[in-house]
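Step one of this worksheet: look at the structure below.
The values are calculated or read from the model by the stated rules, or taken from the named source; none is laboratory data. From a predicted model like this one, the values you see are computed outputs, not experimental measurements. As a convention, Cβ positions derive from the backbone with ideal geometry for all residues, glycine included, and neighbour counts pool all protein chains shown. Please note that ligands, DNA and RNA were not included when accessible areas were found on the heavy atoms of the full protein model with its side chains. Shrake-Rupley method; radii C 1.70, N 1.55, O 1.52, S 1.80 Å.
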Amino acid sequence: MGETMQIRARGIRTTVAALAAVAGVAAVAVPAAAATAPASDTPRFLEPAELPPHPTSPWYAGPVTAGQPDPLPVCVGEALPSIATHRSYGTEFDTNAQQITVVERTEQRAKDFAALLRKDIAGCAEKLMEQDPDLTATQKSYGRLNVEEGAHVYGLHTASAWGSSDIGLFSVGRDGRTVTVVLWGQMGNFQHA
């Protein structure tokens, strides 16, 4: 039992660190087909091996897809514009992740969009409980991380009256005109992250 708790404690630190690193990664790789476009217009997406290690399964990645994810992710989905690009990840078990990037027209618009996403996440637990009285939601801020122009990491635990319990970590970061959101989730609570 002690080894499991130690792995879980290490897991939350690893996940928060990985989310911070990912939020800072935005526009460093340019595909050959887009070589004429400025690097800041082509966001880089994570490879599965760059996600926090899962103790019993490798990560798998879907394709990089233009547009909003379907379904829209909790907390940030309503704010996502149609110009978003996303990629979903999963393991063989109950863990999943998603990276969403938006390249704005100006750096100021990117700053404003990142601030809007952080505000939406900060009020998410309360909003979820208003929408569903059978749900209890708890948030935790892991604070600002010093990557690129800054990233913020948040945790959200939801528990339903019928017994489900889920934990999610959110990272919002910006690099120039590119805003990157990384979502990570699985069944469990803050200790299971």
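Hey, can you tell me all the residues within segment 119-138 that are open to solvent by 60 Å² or more (accessible area, probe 1.4 Å) and either within 13 Å of F170 (Cβ to Cβ) or not hydroxyl-bearing (S, T, Y) (or both)?
To start, the set of residues in segment 119-138 that are open to solvent by 60 Å² or more (accessible area, probe 1.4 Å) comprises 119, 122, 126-127, 129-131, 133-134, 136, 138.
Once the filter is applied, which keeps residues that are open to solvent by 60 Å² or more (accessible area, probe 1.4 Å) and either within 13 Å of F170 (Cβ to Cβ) or not hydroxyl-bearing (S, T, Y) (or both), segment 119-138 yields K119, A122, E126, K127, M129, E130, Q131, P133, D134.
Give just the number: which of (1) within 23 Å of A49 (Cα to Cα); (2) charged (D, E, K, R); (3) in a loop (DSSP other than H, G, I, E, B) does R105 not satisfy?
For R105, the failing item is (1).
With the checklist (1) closer than 23 Å to Q191 by Cα; (2) surrounded by 19 or more Cβ atoms within 10 Å (Cβ to Cβ) in hand, flag the one item G143 doesn't pass.
(2)
Looking only at segment 100-117, filter to residues that are closer than 22 Å to P71 by Cβ and open to solvent by less than 60 Å² (accessible area, probe 1.4 Å); which one of those is farthest from the chain's Cα centre (by Cα)?
First, pick out the residues of segment 100-117 that are closer than 22 Å to P71 by Cβ: 100-102, 113, 116-117.
Add one more test, that the residue is open to solvent by less than 60 Å² (accessible area, probe 1.4 Å), and what stays is 100-102, 113, 117.
Working: I100: 8, T101: 10, V102: 13, F113: 15, L117: 11 Å.
The qualifying residue farthest from the chain's Cα centre (by Cα) is F113.
If you take the residues in segment 49-71 that are aliphatic (A, V, I, L, M) and loosely packed, with under 13 Cβ neighbours inside 10 Å, which one is farthest from L169 (Cα to Cα)?
Among them, the one singled out is A66.
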